Amino acid sequence: MAVAEIDLLGISQGAVAAPAGCGKTELIANALRRYSGPKPVLVLTHTNAGVAALRGRLERSGVGSSAYRLSTIDGWAIRLISTFPTRSGLDATILKVETPGNDYPAIRDAACRLLSGGHIRDVLASSYARLIVDEYQDCSVPQHTLVCRAADTLPTVILGDPLQAIFGWRGNEVADWNKEVCVRFPIVGQLGTPWRWKNADTETFGRWLLEVRRRLQTGQIVNLREAPPEVQWIRLDGTDDHGKQREAARTPAPDANAKVIILGDSRPASHRLIASQTPGAITVENVDLRDLVDFAQGLDFPAPDALKHVVQFAGSVMTNVGGADLLQRVAVLLRGGGRKQPSETEQAALDFVTRPCPELAAALLSAINQSPGVRAYRLGVLRSALRALNQCDGNVGNSFAETAVRVREQNRIVGRPLAKRSVGSTLLLKGLEAEVAVILNAGDMDARNLYVAMTRGSKKLVICSKSPVLNPAKPA
């Protein structure tokens, strides 16, 4: 069914199955662009980055802000119980979400109780015309329950693709698409035009990926020998496999404005290794920015090892820092030795030792980044560290550790800008798209992760594996 054939505004309760790249976001934008009712449409999705991306798409499509209210599912749950704190029966301190692992489940449960009680049905009905939920395959069981309770009052349509459900894990089990989701929201349409590839003049490639999706859903093999010319297979035979993967990661983009996505395994260390060895490559970081927070919490400015701490951090996010040599050279200069004048980086290090403070720590990191031969391959972490250092003053409530956490939370809302050449896992790169996708070890992926990885590139797909016949496990 083509995008134009599905009217989201005419669905009272139902689901639209949306394979990757088949126009799901455009379908939402078209519906909201046509909508002219007096009450806004409530649109929910899962992540702050997803909210930012969808809002940007709606703005580019000319959708007026009065037509919709956009939020994460959890964000909307927080708003509900904040508005009705007494009826929700939840301790207000939980709304600060200082311990996410405990607080978010409590927030979801309280919102479900609030909606289940029927006390705010009139408020809900008078506030929104209907409900649209995007990326529904990622809904956890409590989130699914929350949406179901809202759907008792509001006309509701959900959109998703069960083959892209890769966010489920112990403690965050997703709702079963067939046994739970489609029982409550029957399938009323399925998108079937590969718009991402059609718009890139590679429609045959896109049609092949739809066939791959069908095969993966039914537990069949994918034979890369039968793939269209946009697909390149690189054999991993145990002979310098890392070298082959490194060359694959350097696959040229089709033009100067095109982007390349490189998909590795789930280990951040492997992403950093490939990114550090690939010219122009940048890692896509987890939203918790754990290394930034650890750096900020561990940096004691007056401590004797403060310079070492900053230099070691620089070495974890940039190539060719030469941290040991820099520390040795600074030690010599501090003793009054050395015939050569200090370089800009060495002088920045000396300045920091003389007056250790956030401002000069930021100046040192910037000087290292500008040194010849140095390249920041974890640019998101470095930029966040510089922002936090420049925003803090060391006072209570505005320490480096505190501003680092604030910067991290700001990043969650803004989302991840995609570099020209980005390295990450399917979890980190899901929802993003580029002209070229490179899969470094396709043979180790299950069906869902393989499908997500294969559908990131619109013009070229490079697959590294031991065999051209991929046989991932059938999705549960």
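The values are calculated or read from the model by the stated rules, or taken from the named source; none is laboratory data. The model shown is predicted, which means the values in this text are computed figures rather than measured ones. Reconstructed Cβ throughout: ideal geometry from the backbone, glycine too, with neighbour counts over all protein chains shown. Calculation scope for accessible area: heavy atoms of the full protein, side chains included, ligands and nucleic acids excluded. Shrake-Rupley method; radii C 1.70, N 1.55, O 1.52, S 1.80 Å.
Given the -39500 (n - 2.57) contribution per DSSP H run of 4+ residues, what per-residue ellipticity at 222 nm results for the chain, rounded to the nearest 500 deg cm²/dmol? All intermediate terms of the calculation are to be shown ahead of the outcome.
Numbers: 20 runs with 208 residues, N = 476.
Here the helix-only value at 222 nm equals -13000 deg cm²/dmol.
Once both labels are modelled 7 Å past Cα along the beta-carbon direction, what's the residue 211-residue 327 spacing in nm?
5.8
On the protein heavy atoms, probe 1.4 angstrom, tell me the percent of accessible surface of the chain carried by carbon and sulfur. Show your work: numbers first, answer last.
Details: 10740 of 21790 Å².
After summing per-atom areas, the C and S share lands at 49 percent.
List the pairs from 259/466; 179/466; 244/340; 420/466 whose alpha-carbon separation is above 32 Å, in the order I gave them. Walk me through the numbers before you get to the answer.
Numbers: 259/466 26 Å; 179/466 36 Å; 244/340 42 Å; 420/466 28 Å.
In this structure, 179/466; 244/340 lie more than 32 Å apart at Cα.
When only C-alpha pairs under 8 Å and at least 6 residues apart count, what is the relative contact order of the chain, in percent? Numbers along the way, then the final one.
Details: 796 pairs, mean separation 98.6, N = 476.
After rounding, I find 21 percent.
Can you give the translational diffusion coefficient of segment 41-143 in µm²/s, computed by Stokes-Einstein from the Kirkwood radius over Cα pairs at 4 °C and 1.567 mPa s? Could the numbers behind the result be given before it?
Details: Rh = 14.6 Å.
The diffusion coefficient I find is 89 µm²/s.
Where the centre of each part is set by its Cα atoms, how far does segment 1-80 sit from segment 402-437, in angstrom?
Cα centroid of segment 1-80 versus Cα centroid of segment 402-437: 21 Å apart.
For segment 81-201, build the charge dipole from Cβ charges (+1 Lys, Arg; -1 Asp, Glu) around the Cα centre, then report which of 178, 118, 137 sits farthest towards its positive end.
Result: 118, furthest along the dipole toward the positive end.
Under a crude label model (7 Å from the Cα following the beta-carbon direction), how far is residue 305 from residue 87 in nanometres?
Taking the two extended label points, one gets 5.5 nm.
Size of the dipole of the chain about the Cα centre, Lys and Arg at +1 and Asp and Glu at -1 on the beta carbon, nothing else charged, in debye to 20? Could the numbers behind the result be given before it?
Values: 57 positive and 47 negative charges, 124 e Å.
Dipole magnitude for the chain comes out near 600 debye.
Where does segment 249-319 land on Rg/Rh, using Cα atoms and the Kirkwood Rh? Spell out each step's value before the answer.
On the way: Rg = 15.6 Å, Rh = 14.4 Å.
Result: Rg/Rh = 1.09.
What order do you get for 59-69, 398-408 when each peptide is scored by the mean count of other beta carbon atoms within 10 Å, highest first? Provide the component values of the computation, followed by the final result.
Numbers: 59-69: 14.2, 398-408: 18.8.
Final packing ranking: 398-408, 59-69.
Give me P(r) over segment 94-226, computed from all C-alpha to C-alpha distances, binned every 10 Å, as integer percentages.
Calculated P(r), rounded to whole percents: 10, 30, 31, 17, 10, 1.
If I take every Cα pair under 8 Å that is 6 or more residues apart in segment 277-385, average their sequence separation and divide by the length, what percent do I get for the relative contact order? Display every interim value, and only then the final one.
Values: 99 pairs, mean separation 45.1, N = 109.
Relative contact order comes out at 41 percent.
Would you mind checking segment 215-240 for residues with the amide N under 18 Å from a putative spin-label position 7 Å along Cα→C-beta of residue 247?
231-240
So, in nm, how far is label residue 240 from label residue 267 when the simple model puts each one 7 Å beyond its Cα toward the Cβ?
Roughly 2.1 nm, to one decimal.
Give me the aspartates and glutamates in straight-line cross-link reach of residue 459: C-alpha distance below 19 Å, same-chain residues under 8 apart excluded.
Candidates past the 8-residue exclusion: 201, 203, 211, 226, 230, 247, 255, 433, 435.
Round to the nearest 0.05 the FRET efficiency obtained for residue 320 and residue 52 when R0 = 41 Å and r is the Cβ-Cβ distance. Walk me through the numbers on the way to the answer.
Numbers: r = 33 Å, r/R0 = 0.82.
Here the calculated transfer efficiency is 0.75.
The chain: percent of C-alpha pairs farther apart than 36 Å? Numbers along the way, then the final one.
Values: 44013 of 113050 pairs.
Cα-Cα pairs of the chain separated by over 36 Å account for 39 percent.
Any idea what the relative contact order of segment 362-452 is, in percent, if you count C-alpha pairs under 8 Å spaced at least 6 apart?
Details: 34 pairs, mean separation 15.1, N = 91.
17 percent.
Of the listed peptides 175-187, 330-342, 309-321, 265-277, what is their order by residue-averaged count of other C-beta atoms within 10 Å, with the highest listed first?
Details: 175-187: 16.2, 330-342: 11.8, 309-321: 20.0, 265-277: 17.8.
Order by mean packing, descending: 309-321, 265-277, 175-187, 330-342.
From the P(r) of segment 335-411, can you give the percent of Cα pairs sitting at distances over 15 Å?
Details: 1778 of 2926 pairs.
Here the long-distance tail beyond 15 Å is 61 percent of all Cα pairs in segment 335-411.
Using the heavy atoms of the protein chains alone and a 1.4 angstrom probe, what is the accessible area of the chain per residue in square angstrom?
Working: 21790 Å² over 476 residues.
Counting only protein heavy atoms, the per-residue value for the chain is 46 Å².
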